[in-house]
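Note sheet for the following structure.
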Amino acid sequence: MNFASDEFLLLLPLVFCVYWTLGRSARRQNVILLLASYLFYGWWDGRFLLLLVLSSVCDFFIAGKVESSEGSRRRNWLWLSVLINLGILGAFKYFGFFVDSFVELSAKLGVSLHPYTLNLVLPIGISFYTFQTLGYTIDVYKRRTPPCQNAIEFLTFVAFFPQLVAGPIERAGDMLVQFRRRRHFVYEEAASGFRVLLWGFFKKLVVADNCALIVDFVWSNSEARGGLVWLAIFLFSFQIYADFSGYSDIALGTARFFGIRLSWNFRYPYFSSGLQDFWRRWHITLSLWFRDYVYIPLGGKRRAHARNLICTFLLSGLWHGANWTYLGWGLVHGVSYVLWTGRLPRLVTFVWVSLCWVVFRAPTLPEAYLFVIRGLDGMSPWHVLPASDHLVCGLLGVVVLILAEASAIGKHDSPVCVLDGKPLLVRWVTYIGLSTAIYLLGNFGGGYDFIYFQF
């Protein structure tokens, strides 16, 4: 089920009412959330709900065995969790990629192969919930968190529908304690959730989707040159940011309706002063996951620092998708991170990150190179752009986004929540303005899917 759908607008108030009416204990609240989460996920394809349940049950059982075992048996149980989680993820996400890559390499060497491929459909959200459950088992092994003793609590932690299919990637130590106790309705918390959710819908439907129409046209039009290409490059930067952070805002806001606090996943990354600062602000929960479970175990800063960083960024790129472009994107960021260790002007940081997004967006590495070359090769007439109203809407949305975030730098919440201390009239004018923009300029239910659903 998509957040930007009629089904979600029916599900959310229904679950909200049932939750606060019948949820008179933590167990009842968790059962309601669990059933709603399974409905939310199974709406897309019920078959993959079984995969989610299987992954959850396996890690719940294995974590208990890890805690009760000693020595090599304890380590073996951990490796079983790693094998199951990464095995499922690899089969659905990477099997075809590696087979196809091997076939192409063999063809270049003069060997023709016709291997069997699985042609599996990639379940939405599998990369997110796999990392979440795997991180839980590792934390139990490292004795950072005790194993969960209640199956309903753990299943709800894994399947919690606001953040199930695109994060944030939560830690068990932060989330399980919230599911363990009964939540009580707090008006201020629900009101702040509404504000964050509203801002998320604005970013997704007004900024991201309108930018996407222009970006897709320029990418597919081989006649586009010069300024049009650079326009598409910079608009894609805002498209992917508004799309992904918009999803995260909707997730955070929705969770607050049920008394649950999720981790803040973006902290105004395009105001970063350097690449290190950027990665402290962009997709924060994933960056911390790779730091704690990949970079530090590889040796961190203690030995081969550059190698560890580049390996971590390569794996991060591969996590995003089974394509050489994602590996190339990870490699470019890894090398840049190693070379540019100090502060950089914000504009320089933004331009470099935007160029890296070209590699991320392109179907192949040669096409990424050719797209940048098109940007340096003459000019094309601006009138070839279709649907100029979408360009105006996208640009206006970007301006509003920049101004709102500039006013909230240093805060750890949505820019709309900065209005809390403002007069009532100012707040309601803002809420009504955002709602009107979403209604008039967005395409609710008929726009683009969230980009990170496919990861």
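The values are calculated or read from the model by the stated rules, or taken from the named source; none is laboratory data. Quick caveat, the model's predicted, so the values are computed rather than measured. Because the Cβ atoms are built from the backbone with ideal geometry, glycine has one as well, and the counts that use them run over all protein chains shown. Please note that ligands, DNA and RNA were not included when accessible areas were found on the heavy atoms of the full protein model with its side chains. Shrake-Rupley method; radii C 1.70, N 1.55, O 1.52, S 1.80 Å.
Here are some notes:
- Segment 8-59-segment 199-218 distance, computed between alpha-carbon centres (Å): 29
- Listed cross-link partners Lys203/Lys422; Lys301/Lys411; Lys204/Lys301; Lys93/Lys204; Lys142/Lys203 are compared with a 28 Å cut-off, the Cα-Cα value being larger for Lys301/Lys411; Lys204/Lys301; Lys142/Lys203.
- Compared with the alpha-carbon gap, the fully stretched path from Leu440 to Glu223 is longer by 75.0 nm at 0.36 nm per residue.
- Take the Cα of Lys301, go 7 Å toward its beta carbon, and the backbone nitrogen atoms of segment 256-274 under 19 Å from that spot belong to 273-274.
- Protection proxy ranking, peptides 151-164, 130-143, 188-201, average beta carbon neighbours within 10 Å, highest first: 151-164, 130-143, 188-201
- A straight chain from Phe95 to Val177 at 0.36 nm per residue would run longer than the Cα-Cα distance by 25.9 nm.
- At R0 = 41 Å, FRET efficiency that the Cβ-Cβ distance of Val82 and Arg427 yields, to 0.05: 0.25
- FRET efficiency, Val418 to Val53 (Cβ-Cβ, R0 45 Å, nearest 0.05): 0.65
- Whole-number accessible area per residue in Å² for the chain, which is evaluated in the context of all protein chains at 1.4 Å: 45
- On the basis of the beta-carbon distance and an R0 of 30 Å, Asp6 and Ser388 show a calculated FRET efficiency of 0.55.
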